[in-house]
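Have a look at the structure below, then the notes.
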Amino acid sequence: LSGRPAVGSGSETGASMMFGGTGTSANEQIPPWIRDMIRKKVRGYLPELEAAYTAAIRRNPALKGKLSVRFRIDPSGNVPRAVLVESSFEDGAFIAVVLEKIRHWTFDPPAGRTVEVLYPFVFVAPS
């Protein structure tokens, strides 16, 4: 690594995104353009999570691991809900900051639909 903390996302992301909303089945495949938009937007927001992680590893230099977060993108592109699904972290303050940041993210409106996303984030301390 480059000597700075890094955050990445797991490869299972694409398969974990599901459509929700009116007139659709819960497990309807999300259109590729929406999947790609979500991936690009999340990548653009990763520096926010890196900054939160940098602050957290100042408190605990051994902090590293994976967070899986389920968030909902509403028809206007806002994130009204983000919840922790799984975590290998024992740092509740860090997790709370990550969830709060995700709730402030905005996305391109997903074709008038609500989209549920399960997204894994992997945090690695600098070597």
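The values are calculated or read from the model by the stated rules, or taken from the named source; none is laboratory data. These numbers come from a predicted model, not from an experiment. Because the Cβ atoms are built from the backbone with ideal geometry, glycine has one as well, and the counts that use them run over all protein chains shown. For the accessible areas, the whole protein counts, side chains as well, though only heavy atoms, and no ligand, DNA or RNA atoms are used. Shrake-Rupley method; radii C 1.70, N 1.55, O 1.52, S 1.80 Å.
Just a few scattered comments:
- Hits in the range 35-81 (condition: small (Gly, Ala, Ser), assigned to a helix (DSSP H, G or I) and within 13 Å of the chain's Cα centre (by Cα)): Gly44
- Residue in the range 5-27 that is modelled with pLDDT under 50, open to solvent by 40 Å² or more (accessible area, probe 1.4 Å) and not in a loop (DSSP other than H, G, I, E, B) present: yes
- Among the residues making up the range 88-127, those that are at pLDDT below 95, part of a strand (DSSP E or B) and either open to solvent by 60 Å² or more (accessible area, probe 1.4 Å) or out of contact with any helix residue (DSSP H, G or I) (no Cβ under 7 Å at 6 or more places or on another chain) (or both) are Thr114, Glu116, Val122, Val124.
- Of the listed requirements (1) of a type in the set (A, V, I, L, M, F, W, C); (2) open to solvent by 70 Å² or more (accessible area, probe 1.4 Å); (3) in contact with a helix residue (DSSP H, G or I) (Cβ under 7 Å, 6 or more places away or on another chain), Val85 misses just one: (3).
- Any hit, the range 38-54, residues being modelled with pLDDT under 90 and open to solvent by 70 Å² or more (accessible area, probe 1.4 Å): no
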